[in-house]
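J.: Have a look at the structure that comes next, please.
The values are calculated or read from the model by the stated rules, or taken from the named source; none is laboratory data. Remember, it's a predicted structure, so these values are computed and weren't measured experimentally. FYI the Cβ positions are ideal-geometry reconstructions off the backbone, even for glycines, and counts take in every protein chain you see.
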Amino acid sequence: MRVIVADDAVLFREGMARILTEVGFEVTRQARSGAELVRQVRRDPPDVVITDLRMPPGFADEGIEAAAEIRSFAPDVGLMLLSQYVEVHHALRLMEEFDGAVGYLLKDRVSVLSAFAADVRRVAAGHVVIDQELVSRLISRRRERDPLAELSDRERQVLALMAQGLTNAGLAEELFVSPKTVEGYIRNVFTKLGLHAGEREHRRVLAVLQFLRQQ
Amino acid sequence: MSEAAEATEGYAEAPPIALEAGLAMVALLVAALVGYGWALGFHLDNAHNGLIAASFAAVGLYVVRMRPRHREGWLLVAVGVVSAVMFFGRQYGRVAGPLPGASWIGWIGVWPLPLAIALFGWAFMAFPHGRMLSLRWRRAGVTMVAVAALMATMSALWPVDHDRIGLVSSHPFDLPGAAVVGRLWPYLLPNYTLFQVLWTAAVVVRLRRARGDEARQMRWVVYATVMAMVVLVTGLVVFGSSVPGLLAVPLIPVAAGIAILKYRLYDIDPVINKTLVIGFLVLVVTVGYVGIVVGVGALIPVGSGWLSLLTTAVVAVAFEPLRRRAQRLADRLVYGHRATPYEALSQLSAQLDEAPEDLLDGIAATIANAIGATEVVVWVGEETHLLPQAGWPRRPDPPESSGLGELDRGPHRHVRPVVHHGTVLGAITLRKPVGEALTPGEARLLGDLLAQTGLVIAQQQQAQELQAAARRIVTAQDAARRRIERDLHDGAQQRLVTMGLELGSLEEQAKATGAPELAARVRAVRSQLLEATAELRELARGLHPMVLTQSGLEPALRMLADRSAIPSRLTVALAGRLPPEVETTAYYVVSEALTNAARHSGAGVVTVEIVKVAAGLQVQVSDDGCGGARQGVGSGLQGLQDRLAAVGATLSLDSPVGGGTRIRTVLPCV
């Protein structure tokens, strides 16, 4: 699987390129900024891009801007954004503007190599990956009348994993239950919370994130 | 219902038909009495009754049609009706070869006179609202009416006032005691003078007490009355006729009507002022002319042509100084006397308590008031570069900046530098009315006021410097925090995640080379490392929330709300970004308020509202907790207050015990 890595910190970038190679990715190019990343993708589109969110020149959200541009001309390239902080409004933007095949993780996640590699592959395959810290922060938010109190522990777990972008099959695997059981849990969660979500997986993530933010 | 509300109450649309019909009946009655009366002949000594009847009734009816509850309007109507009855009675009773019932109808024209006078007086005393000044004045008025009623009764029963009128028929009654009453009557007549003294006193007292609208209303009527009297006296003296005075009578009810219905539309003051000036000049010029023509003509035998020339020259030379004096006198009479030095200084110290930004405007007004200047401008700055900071009157187009040397000195302008501790801090320029010099007393007073102005400017500059310093400190502090966050992000945090990455790789290798123990140890180290990065991340976020600079206030506040230990409701009504220091300050206000609420309030929910208002960004955080929060040294609020003061904002805290806490501030931003 072909990957382009973008980060302005050379040590991190090189290190990531090396370990990605170790676990079987082909790191075709490396970029130091959003603009450079866009140029490289134009020249030689990879399967997936792994990019830092905050990069030169403005150290703001250049990673997202670059990702949006890439999506506009190379819609098949998966986009994995890494950051020192994960912010809800960024996650919502990624879910709203990008039609799947997008991930948003804390940089720390790269240290659990196997899990990270799996997440990158999921993004390359068109799925959605949202950092668990962001999701757990939203779920544990203090609420006036907490609709989540209606949920059982298992349903709450299902909600969190859905928000992280897991598919039904992924959920079944993670929870060691059958896909049918998972569907039952999901139905319960959606009924109890009064949620409606589209068929598409990233629509479901968006609906859950929006719900968690608003309630 | 208050007097003012009652006085202004009218109908939104047309008055009710019953009232319209009633008023029309009264109007018809008065018109018929007066009209028929006129048709019966002209008698100069009765004409005033007809004029009073017509003018008072017309104005009074108009007033009550507009303001049905206006007591003064009804009083005017009453005066008009009584006068109309009297007028008609007297006219009818004087037609020769007596008309039918002349004795009785003539009688009706005579005896109500005392009542008519008392009613007129009452209307005068009760102007402009139709109410007496106080209970005491009301009692005096009632006494006046009682005396008038007694006199009217006597006049009705005995022919004491009958013969004076020139009626052709005799008094209808022939009761005994006519001689006694006839002798007593002359002793009662001075009561009319007493009535006049009473109502004049009432008007003077009211005029002195009246403020604002009421004072303006009073001046209308007093002006008209005085003018009518002047016309009457002038007519009697110059033409030997009361006709001009008679014709001036309607001025009074018309002025009263204007005062009641239109007092906000027209201001009588300039008219009074000009009248006084012109009247004085006419008087002086006439007296001077007559004096010269008569006096000089008697002493020196010159031709009348030369005399006229001389007189004209004298008048021409004396005219302008006289006019100036007359104008000053008139200004003093109409606009009040100028502040004495003591008043000026006490006015100034009273203003020192006011908002500092308005202080210089207050000083300008005080100087104008004390010196009698028509324009005052307060300039602030260095000797070579002065900016107009305040003025009286406030000008929509302030003058340009200027150096002290270039300030307009003009013929009636005065320029004084404001010096404090030997340094020029500003200047005051003022313009006196044309032809008025600065008297030594005014110059001394101006000197005192300049010293005070110096103190105020110096104090304002210190306050500004202090705030600028505080702002610099806060800005520097924010910049330092941002820099540290950035350094952490690019340095330590980056290194730590890179180390995590390497450890992850190491763990994989250990697993692959069949060293599970090593792999486990690497995993343990890695998880400690992740904890360290998480802690560092929170630390960096606390130093400066990157999301604030990156994405703006709303996402940053949402992040705060997500992390709040108390459920929060966040409303942000903003379009676009704001200046960085405003965003940062708003962020810290909310952050501190949420922390305080979580720590002390025991609230169930905290509401954050951010909205752009005209003055800036309004930040309000309220909770439903126990309240009782105090501002003061050591409280978290003190730090916030300092921070807010640096950007020119204040913190308002509303925290009654048991009633929740609300903090609010408006951050100035353009």
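J.: In the set B:E465, B:E375, B:E442, which member is outside the structural domain of B:A326 (by TED's automatic domain parsing) and more than 30 Å from B:A326 (Cα to Cα)?
T.: Working: B:E375 fails: more than 30 Å from B:A326 (Cα to Cα); B:E442 fails: more than 30 Å from B:A326 (Cα to Cα).
After applying the criteria, what remains is B:E465.
J.: Of everything in the range A:146-187, what is within 21 Å of A:L92 (Cβ to Cβ) and not in a helix (DSSP H, G or I)? Give them in sequence order.
T.: Across the range A:146-187, the qualifying residues are A:D146, A:Q164, A:G165, A:L166, A:T167.
J.: What residue, among those in the range A:15-33 that are of a type in the set (A, V, I, L, M, F, W, C) and within 14 Å of chain B (Cβ to nearest Cβ), is nearest to A:R43 (Cα to Cα)? I'd like the intermediate steps shown before the answer.
T.: Our first condition is that a residue be of a type in the set (A, V, I, L, M, F, W, C); within the range A:15-33, this holds for A:16-17, A:19-20, A:23, A:25, A:27, A:31.
Keeping just the survivors that are within 14 Å of chain B (Cβ to nearest Cβ) gives A:16-17, A:19-20, A:23, A:25, A:27.
On the way: A:M16: 22, A:A17: 19, A:I19: 24, A:L20: 21, A:V23: 25, A:F25: 19, A:V27: 15 Å.
Here the residue is A:V27.
J.: If you don't mind, another one. Could we say that B:T571 is assigned by TED's automatic domain parsing to the domain that holds B:Q620 and polar (S, T, N, Q) here? Don't jump to the end; show me each part of the working.
T.: On the way: assigned by TED's automatic domain parsing to the domain that holds B:Q620: yes; polar (S, T, N, Q): yes.
Yes, satisfied.
J.: Output yes when any residue across the range B:132-147 is under 44 Å from the mean Cα position of the chain (by Cα) and buried (at least 21 other Cβ atoms within 10 Å of the Cβ), and no when none is.
T.: Of the range B:132-147, the ones under 44 Å from the mean Cα position of the chain (by Cα) are B:132-147.
Okay, now just the ones that are also buried (at least 21 other Cβ atoms within 10 Å of the Cβ), so B:141, B:144.
Checking the range B:132-147: at least one residue is under 44 Å from the mean Cα position of the chain (by Cα) and buried (at least 21 other Cβ atoms within 10 Å of the Cβ).
J.: Which one of these does B:L594 not meet: (1) within 14 Å of chain A (Cβ to nearest Cβ); (2) out of contact with any Ser or Thr (no Cβ under 8 Å at 6 or more places or on another chain); (3) part of a helix (DSSP H, G or I)?
T.: Evaluating B:L594 over (1) within 14 Å of chain A (Cβ to nearest Cβ); (2) out of contact with any Ser or Thr (no Cβ under 8 Å at 6 or more places or on another chain); (3) part of a helix (DSSP H, G or I) leaves (2) as the failure.
J.: Out of the residues in the range A:1-22 that are over 17 Å from B:V497 (Cβ atoms) and among the aliphatic types (A, V, I, L, M), which is surrounded by the most Cβ atoms within 10 Å (Cβ to Cβ)?
T.: Among them, the one singled out is A:I4.
J.: If you take the residues in the range B:426-455 that are part of a strand (DSSP E or B) and of a type outside the set (V, I, T), which one is surrounded by the most Cβ atoms within 10 Å (Cβ to Cβ)? Break it down stepwise before answering.
T.: Residues of the range B:426-455 that are part of a strand (DSSP E or B), as a first pass: B:426-431.
Pick out the ones that are also of a type outside the set (V, I, T) and you get B:426-427, B:430-431.
Details: B:G426: 29, B:A427: 24, B:L430: 25, B:R431: 18.
Restricting to residues being part of a strand (DSSP E or B) and of a type outside the set (V, I, T), the top hit is B:G426.
Yes/no per residue for (1) away from every other protein chain (no Cβ under 12 Å); (2) in a helix (DSSP H, G or I); (3) farther than 30 Å from B:A510 by Cβ:
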| position | (1), (2), (3) |
| --- | --- |
| A:R13 | no, yes, no |
| A:F59 | no, no, yes |
| A:P75 | yes, no, yes |
| A:L92 | no, yes, yes |
| A:S114 | no, yes, no |
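J.: Which of the numbered conditions does B:R599 fail, given that it passes all the others? Conditions: (1) under 21 Å from A:R143 (Cβ atoms); (2) in contact (Cβ under 8 Å) with a residue 40 or more places away in the chain; (3) among the basic types (K, R).
T.: Every listed condition holds for B:R599 apart from (2).
J.: So in the range A:99-112, with the set limited to residues that are within 11 Å of the chain's Cα centre (by Cα) and either closer than 30 Å to B:L543 by Cα or crowded, with 21+ Cβ neighbours inside 10 Å (or both), which one is nearest to the other protein chains (Cβ to nearest Cβ)? Give the derivation first.
T.: Narrowing the range A:99-112 to residues within 11 Å of the chain's Cα centre (by Cα): A:100-106.
From what is left, the residues that are either closer than 30 Å to B:L543 by Cα or crowded, with 21+ Cβ neighbours inside 10 Å (or both) are A:101-106.
Numbers: A:A101: 23, A:V102: 18, A:G103: 16, A:Y104: 14, A:L105: 11, A:L106: 8 Å.
My answer is A:L106.
J.: Can you tell me how many residues within the range A:122-137 are under 12 Å from the mean Cα position of the chain (by Cα) and within 13 Å of chain B (Cβ to nearest Cβ)?
T.: Adding up the residues that qualify gives 5.
J.: Is it true that some residue in the range B:531-539 is in a helix (DSSP H, G or I), within 7 Å of chain A (Cβ to nearest Cβ) and under 30 Å from B:S591 (Cβ atoms)?
T.: Keep residues of the range B:531-539 that are in a helix (DSSP H, G or I), which gives B:531-539.
Keeping just the survivors that are within 7 Å of chain A (Cβ to nearest Cβ) gives B:533, B:537.
Applying the additional criterion that residues be under 30 Å from B:S591 (Cβ atoms) yields B:533, B:537.
Looking for residues that are in a helix (DSSP H, G or I), within 7 Å of chain A (Cβ to nearest Cβ) and under 30 Å from B:S591 (Cβ atoms), one finds at least one in the range B:531-539, hence yes.
J.: Working carefully through the options A:L166, A:L212, A:L161, A:L151, find the one that is away from chain B (no Cβ under 12 Å), buried (at least 17 other Cβ atoms within 10 Å of the Cβ) and more than 30 Å from B:A519 (Cα to Cα). Write out each step before concluding.
T.: Working: A:L166 fails: more than 30 Å from B:A519 (Cα to Cα); A:L212 fails: away from chain B (no Cβ under 12 Å); A:L161 fails: more than 30 Å from B:A519 (Cα to Cα).
None of the others qualify; the one that does is A:L151.
J.: Shifting gears a bit: What are the residues in the range B:556-578 that are more than 8 Å from chain A (Cβ to nearest Cβ) and either free of Cβ contacts under 8 Å to residues at least 24 places away in the same chain or within 45 Å of the chain's Cα centre (by Cα) (or both), if any?
T.: Of everything in the range B:556-578, those that are more than 8 Å from chain A (Cβ to nearest Cβ) and either free of Cβ contacts under 8 Å to residues at least 24 places away in the same chain or within 45 Å of the chain's Cα centre (by Cα) (or both) turn out to be B:L557, B:L570, B:T571, B:V572, B:A573, B:L574, B:A575, B:G576, B:R577, B:L578.
J.: Looking at the range B:165-209 only, could you name the residues that are of a type in the set (A, V, I, L, M, F, W, C), touching a residue at least 12 places away in the same chain (Cβ under 8 Å) and within 20 Å of B:N49 (Cβ to Cβ)?
T.: Passing the criteria: B:I165, B:L167, B:V168, B:F195, B:W199.
J.: Of these, B:G106, B:G141, B:G182, which one is outside any loop (DSSP other than H, G, I, E, B), of a type in the set (G, A, S) and at pLDDT 90 or above? Reasoning before the result, please.
T.: Details: B:G106 fails: at pLDDT 90 or above; B:G182 fails: at pLDDT 90 or above.
After applying the criteria, what remains is B:G141.
J.: With the condition kept exactly as written, say whether any residue in the range B:604-619 is modelled with pLDDT under 90, more than 10 Å from chain A (Cβ to nearest Cβ) and assigned to a helix (DSSP H, G or I).
T.: no
J.: While we're looking at this one, here's another question. State all residues of the range B:572-593 that are over 14 Å from B:K612 (Cβ atoms) and of a type in the set (V, I, T); if no residue qualifies, say none.
T.: Going through the range B:572-593, the residues over 14 Å from B:K612 (Cβ atoms) turn out to be B:580-581, B:584-585, B:587-593.
Across the range B:572-593, the qualifying residues are B:T584, B:T585, B:V589, B:V590.
J.: Could you list, in sequence order, the residues of the range B:553-577 that are in a strand (DSSP E or B) and out of contact with any Lys or Arg (no Cβ under 9 Å at 6 or more places or on another chain)? Break it down into steps so the answer makes sense when it comes.
T.: Filtering the range B:553-577 down to residues in a strand (DSSP E or B) leaves B:568-573.
Passing the criteria: B:R569, B:T571.
J.: Identify, by number, the condition in (1) of a type in the set (S, T, Y); (2) within 14 Å of another protein chain (Cβ to nearest Cβ); (3) crowded, with 18+ Cβ neighbours inside 10 Å that A:S140 doesn't meet.
T.: With respect to (1) of a type in the set (S, T, Y); (2) within 14 Å of another protein chain (Cβ to nearest Cβ); (3) crowded, with 18+ Cβ neighbours inside 10 Å, A:S140 is out only on (3).
J.: Applying the selection to the range B:456-501, what residues are surrounded by fewer than 17 Cβ atoms within 10 Å (Cβ to Cβ) and at the interface with another protein chain (Cβ under 8 Å from one of its Cβ atoms)?
T.: B:D490, B:R495
J.: State whether one or more residues within the range B:409-425 are in contact with a His (Cβ under 7 Å, 6 or more places away or on another chain), crowded, with 20+ Cβ neighbours inside 10 Å and not basic (K, R).
T.: no
J.: Continuing with the same structure: Among the numbered conditions (1) in a loop (DSSP other than H, G, I, E, B); (2) in contact (Cβ under 8 Å) with a residue 24 or more places away in the chain; (3) surrounded by 13 or more Cβ atoms within 10 Å (Cβ to Cβ), tell me where B:P399 comes up short.
T.: Just one mismatch for B:P399, condition (2).
J.: Same structure again: Would you point out the residue of the range B:502-526, among those that are among the small types (G, A, S) and either facing another protein chain (nearest Cβ under 9 Å) or crowded, with 20+ Cβ neighbours inside 10 Å (or both), that is farthest from the chain's Cα centre (by Cα)?
T.: Taking the range B:502-526 first, the residues among the small types (G, A, S) are B:504-505, B:510, B:512, B:514-515, B:519-520, B:524.
Filter once more, so that each one left must be either facing another protein chain (nearest Cβ under 9 Å) or crowded, with 20+ Cβ neighbours inside 10 Å (or both): B:504-505.
Working: B:G504: 78, B:S505: 81 Å.
Within the range B:502-526, the match that is farthest from the chain's Cα centre (by Cα) is B:S505.
J.: Out of all the residues in the range B:652-667, which are loosely packed, with under 13 Cβ neighbours inside 10 Å and among the aliphatic types (A, V, I, L, M)?
T.: The answer is B:V657, and nothing else.
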